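Data block below; observations after.
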């Protein structure tokens with residue numbers, strides 16, 4: 001969507017690695033931070049989608065499971081405005097922890113832990129949460145993180161503000177999004193759409209939200225843009241229906 005973007009990840013010298021690199025290239029993502037393994041296989045994710053668009057994923061992380069800090073070109077990331085962390089299946093979590101010390105003080109750290117990391121518990125996630133500026137999490141993950149079924153999701157989110165995180169976004173599926181910072185809070189509804197495949201809905205929301213954040217939109221507007229991007233993405237498989245920058249501009253001008 002017009003934002004200069006790169007990805008840190010690890011692939012092998014195989015057909016799947018070439019396919020990933022190709023897909024990154026045609027979608028305008030720089031591959032200068034990709035790590036190439038001498039041995040092993042590129043990770044794969046096998047997805048099953050039912051008639052309603054809901055999905056189940058089976059992951060073989062391959063070499064992406066064993067990234068270490070020495071393989072990451074930390075000089076490359078010193079200039080980034082936002083570093084976005086998502087979850088790994090295995091040991092590359094350690095590299096994410098180590099990378100925290102290499103981030104520029106001005107770099108915004110965005111974090112979507114997913115169920116994989118939430119299950120690690122608060123203590124293991126504490127180093128990332130202590131450095132985190134924007135937390136993007138769904139309601140179920142938020143409750144599991146605190147092991148709290150009694151408090152409202154709004155209470156739990158505001159509790160994280162007290163811990164130093166600047167923005168908390170709680171994704172609630174078809175019930176929309178709740179977000180808060182130290183100055184405001186908002187509830188934003190979803191857009192009607194024809195659901196084909198919900199794979200990547202949360203990540204699509206994140207991309208729209210972070211796009212809006214970088215362009216100085218308000219908290220509520222950022223949530224709205226994130227919801228719109230997600231609603232478009234789930235109308236097709238993979239990146240088939242992910243909105244272009246021109247489509248986004250048309251939406252913003254309506």
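Each value in this text was obtained by applying a stated rule to the coordinates, not by laboratory testing. As the structure is a computational prediction, the values presented were derived from the model and not from experiment. Neighbour counts run over all protein chains shown; Cβ positions are idealised from the backbone, glycine included.
Things worth noting here:
- Projected onto planes of every orientation and averaged, the convex hull of the alpha-carbon atoms in the stretch 1-66 covers 5.6 nm².
- For the peptides 222-230, 176-184, 106-114, the ranking by mean Cβ contacts within 10 Å, running from highest to lowest, is 222-230, 106-114, 176-184.
- Mean-position separation - Cα centroids, the stretch 121-188 and the stretch 30-75, in angstrom: 26
- Whole-number percent relative contact order across the stretch 1-66, with pairs defined as alpha carbons under 8 Å at least 6 apart: 35
- Between the C-alpha center of the stretch 82-104 and that of the stretch 202-236 there is a gap of 23 Å.
- Peptides 198-207, 92-101, ordered by how many other C-beta atoms sit within 10 Å of their residues on average, highest first, read 198-207, 92-101.
- Just so you know, the Rg over Rh for the stretch 132-217 is 0.96, from Cα atoms, with Rh as the Kirkwood radius.
- Peptide packing for 22-28, 63-69 was compared via the average number of neighbouring C-beta atoms within 10 Å per residue; ordered from the highest value, the list is 63-69, 22-28.
- Hydrodynamic estimate: the Kirkwood radius of the stretch 67-253 over Cα pairs, inserted into Stokes-Einstein at 10 °C and 1.306 mPa s, corresponds to D of 92 µm²/s.
- Shape box of the stretch 73-143 [Cα atoms, principal axes, largest first, Å]: 35, 23, 17
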